[in-house]
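See below for the structure under consideration.
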Amino acid sequence: MQRDNERVYQLVERRAREIMLPVKVATRERGYRYYHGLRTVRIAENLIARSEELDRAEVDLFLVRCGGLLHDIAKGLMDGEHGEEGARLVREGFSDLLGAHDLDRVADIVRYHNKRDPTRDYPVEVKVIQDADLIDHLGAMEVWLAFHWSAARDEPVAESLRWFEGDRARSWWDYCLSHCNFELSRLAMERRLERFWRFLADLRRENDGELW
């Protein structure tokens, strides 16, 4: 029986909203996992539509949308690795909405979204969400995330600047750029990072009292 993709996705999205939107985790706004999931879906849709490396006929957009929306459902909520725990929550919470085959595939997207092993041949839907997830952490969105982090920890501007100008931030950006599955993903990351670095330079000058 052919699934009604849009109707089922709307049901999945409604339940995801009910589960994730009320939750507040440290250093993030209430409902962050839900909002991040929605953005990840939109980024994934754009990658699929625009990447010359992807054969759109071979990508199951329904699975991408469900997996992208739910990929961080367990993050920050429980002990254990959040990809594995998220896959378990998907199986427990969405088995009445997704058929057995779709449930397995969506759970796999959630399980492997943060396990970027270059020696492993993941399904294309997993690869798309792996990239979309990283892209959403960069650029102007990284400013938003940094503000929430610093505010939650009562950090001054100088402390945040020290982190972003240090080795740990550089390692994070290098990780993102070196774990892209698609060239378009790398291009998106590079352009977002360029904007973010320009912002950091402006923030440094203003924190030092420069006029412009």
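Just so it is clear, none of the values below were taken in a lab; they were calculated from the coordinates. Computed from a predicted model, the values in this text were never measured in an experiment. Glycine also receives a Cβ, built like all others from the backbone with ideal geometry; neighbour counts cover every protein chain displayed.
Check cross-link reach from Lys115 to the lysines: straight Cα distance under 21 Å, and skip same-chain residues fewer than eight apart. Within reach: Lys75, Lys127. Of the residues Ala188, Ala57, Ala87, the one that moves most in a GNM of the chain with alpha-carbon contacts below 10 Å is Ala57. Between Ile135, Ile19, Ile109, the Gaussian network model of the chain with springs among Cα atoms under 10 angstrom shows the greatest mean-square fluctuation at Ile19.
Starting from the Cα gyration tensor of the range 140-207, take the square roots of the eigenvalues, sort them a ≥ b ≥ c, and report rounded, prolate or oblate (rounded when a/c is under 1.5, otherwise prolate if a/b is larger than b/c, else oblate).
Here the range 140-207 falls in the prolate category.
Among the GluC sites (Glu not before Pro) within the range 30-80, those in coil by DSSP and having at most 11 neighbouring Cβ atoms inside 10 Å are Glu52. About the centre of its Cα atoms, the range 5-116 shows a dipole size close to 520 debye [charges on the beta carbon of Lys, Arg (+1) and Asp, Glu (-1) only; nearest 20 debye].
Of the GluC sites (Glu not before Pro) found in the range 171-212, those in coil by DSSP whose Cβ has at most 16 other Cβ atoms within 10 Å are Glu210.
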